[in-house]
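> Let me give you the structure first, and then I'll get to my questions.
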Amino acid sequence: MPLLNKVRTAATGGLGGDTAIHSLSRLRSALTLFFALDGFLFAGWVVRIPAVKQQTGASAGDLGLALLGVSAGAVVTMTLTGRLCRRYGSHAVTVATAVLLSLSVALPALTRSPLALGLVLLVFGAAYGGINVAMNSAAVDLVTALRRPVMPSFHAAFSLGGMLGAGIGGLLAGSLSPTTHLLGLTVVGLALTAAAGPVLLRHPAPVAPEALPRGAHAGPGKPSGAGRPSAAEKPSAAARRTVLVFGVIALCTAYGEGALADWGALHLEQDLGAHPGVAAAGYSVFALTMTAGRLSGTLLLERLGQTRTLVAGGVTAAAGMLLGALAPTVWATLLGFAVTGLGLANIFPVAVARAGAIAGPSGVATASTLGYGGMLLGPPSIGFLADWFSLPVALTTVAVLAAGAAAMGYWARNAGAQQTS
């Protein structure tokens, strides 16, 4: 059973000596690139949504319905991807979905109607959901083999890729058509997949020695998860309930991220009278501190362990969001958003890692699907609550859910014991 709180550093000879360590290092680099590529491509598409809206002649309502295609495609595919990872291996599925994501990111710019846009976004969403489950499953295997809690570093790469994609997209928006820009993203995506994909395809998913039955070896022909105890592939009812808990923890984090992305700037401008430029910086501050938190996440997890990191992160995010929602000044609100980003930074990666350690790819799929659902649930929930009460009051639900994540993280502190129960 993998260590679920304090995680040791891999011993030099523990997985076959220096050669194995070099192999794990290459796998980590390749997976980091795929996480960054995922964020880069998705952000590149997002910044061109206004241009695609104009190109298709979609109204605001039409665009909203078309964008549901991304969500629908992702949610449906996430559960299926867990099964594909168990059958073919998470490495092969990661490469395949990266190719599909790179190809499909160009499709929206080729559409000329809202209906066509919605249909191609189903394909894009399916690829996006698939690669998120596959690469997180691969990352869980690698974290177990490395015996270091490096999952936050992968999610930091996703955040950095998103910031880079949004930044480059913003610079190119005035000079390139969406068709040229998104086709360029396809070329970049396929090139990076061609560079990093062979590393994943040549190397089997690593398995920690204690996870292998006596005399078994993780040979090149074995897919991700081969050699794991059968309990990881067919988790008990207790393990499935625990995976759901970690999925809800991921949901609480993603709810806050979605809420701040869609409503943070409006709160600053509408409720506090901030200049539009300052208001736009609200989410940027949140994203920057979240990225910084994830970059330092491995060190934090090694010092505190996963349970303390979950609890401290949830409490920090709750305090930050109360400040961000209820502070009477712009700068205090920005500070609150920054603290919220730091608090939420490592909750989602830890929740996905714990779910994957308990139930393998199916656990990653469950936690990812619930987490993605939280990102979808956040913005409309805030909108309804803002109509009934006010936007500041509605934003306090982010604090409530963050505190709930902390409580659930503490409750599930011994969850690993249920893996084989």
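> From the alpha carbon gyration tensor of the range 23-75, can you work out the equivalent ellipsoid semi-axes (sqrt of 5 times each eigenvalue) and give them in Å, largest to smallest?
Ellipsoid semi-axes (Å, largest first): 33, 13, 5.
> Can you pull the percent of the chain's accessible area that's carbon plus sulfur, 1.4 Å probe, other chains left in place? Mind dumping the intermediate values first?
Details: 11570 of 16880 Å².
Answer for the chain: carbon and sulfur cover 69 percent of the accessible area.
> Another question, if that's okay. If you take the charge dipole of the chain about its Cα centre, with +1 on Lys and Arg Cβ and -1 on Asp and Glu Cβ, which of 260, 373, 383 is farthest toward its positive end?
373
> Just to confirm my numbers, what's the Cα centroid distance between the range 267-340 and the range 114-142 in Å?
The range 267-340 and the range 114-142 have Cα centres separated by 27 Å.
> Taking the Cα centre of the range 54-213 as the origin and placing charges on Cβ (Lys, Arg +1; Asp, Glu -1), which of 97, 116, 146 is farthest toward the positive end of the dipole?
The listed residue farthest towards the positive side: 146.
> Order 342-350, 172-180, 66-74 from most to least packed using the mean count of other Cβ atoms within 10 Å.
Result, highest mean first: 342-350, 66-74, 172-180.
> Write down the Kirkwood hydrodynamic radius of the range 316-401, to one decimal in angstroms, obtained as one divided by the mean of 1/r over all alpha carbon pairs.
For the range 316-401, inverting the mean 1/r across all distinct Cα pairs yields 14.0 Å.
> How much area per residue is accessible in the chain when the probe is 1.4 Å and only protein heavy atoms are counted (Å²)?
Solvent-accessible surface per residue comes out at 40 Å².
> If you bin every alpha carbon distance in the chain into 10 Å steps from zero, what whole percent lands in each bin?
That works out to 5, 23, 33, 26, 11, 3, 0, in percent per bin.
> Listed highest first by mean packing, meaning other Cβ atoms within 10 Å per residue, what order do 332-338, 246-252, 56-62 come in?
246-252, 332-338, 56-62
> Ok, one more. Where in the range 189-208 does the amide nitrogen come within less than 19 Å of the point 7 Å from the Cα of residue 164, taken along Cα to Cβ?
So the set is 189-200.
> Using +1 at the Cβ of each Lys and Arg and -1 at the Cβ of each Asp and Glu in the chain, identify which of 406, 204, 317 lies farthest towards the dipole's positive end.
204
> Restricting to Cα pairs below 8 Å that are 6+ residues apart, what does the relative contact order work out to for the chain? Please round to a whole percent.
Numbers: 797 pairs, mean separation 97.2, N = 421.
Relative contact order, the chain: 23 percent.
> Okay, moving on. Report the far tail of the P(r) of the range 253-305, meaning the percent of Cα-Cα pairs longer than 18 Å.
44 percent
> What's the magnitude of the charge dipole for the range 83-214 around its Cα centre, counting Lys and Arg as +1 and Asp and Glu as -1 at the beta-carbon? Answer in Debye, nearest 20.
320 debye
> Could you size up the charge dipole of the chain around its Cα centre, putting +1 on the beta carbon of Lys and Arg and -1 on that of Asp and Glu, and report it in debye to the nearest 20?
The dipole of the chain has a size of about 1420 debye.
> About the Cα centre of the range 28-115, what is the dipole size in debye to 20, counting +1 per Lys and Arg Cβ and -1 per Asp and Glu Cβ, all else neutral? It would help to have the intermediate numbers written out before the result.
Numbers: 7 positive and 2 negative charges, 46 e Å.
Roughly 220 debye, rounded to the nearest 20.
> Now for a separate question. Calculate the FRET efficiency for residue 191 and residue 79 from the Cβ-Cβ distance with a Förster distance of 41 Å, rounded to the nearest 0.05.
That gives a FRET efficiency of 0.85.
> Moving on. Out of 130, 409, 167, any idea which swings most in a Gaussian network model of the chain, alpha carbons joined below 10 Å?
167
> Roughly what percent of Cα-Cα pairs across the range 71-202 reach past 18 Å? Let's see the in-between values first.
On the way: 5205 of 8646 pairs.
In whole percent, the share of Cα-Cα pairs in the range 71-202 beyond 18 Å is 60.
> Here's something else I'd like to know. Under 17 Å from the 7 Å Cα→Cβ point of residue 240, by amide nitrogen: which residues of the range 361-380?
361-370
The values are calculated or read from the model by the stated rules, or taken from the named source; none is laboratory data. Please read all numbers here as calculations on a predicted model, not as lab measurements. Positions of Cβ are generated from backbone atoms using ideal geometry, with glycine treated the same way; all protein chains shown enter the neighbour counts. Note: accessible area is taken over every heavy atom of the protein model, side chains too, but ligands, DNA and RNA are not part of it. Shrake-Rupley method; radii C 1.70, N 1.55, O 1.52, S 1.80 Å.
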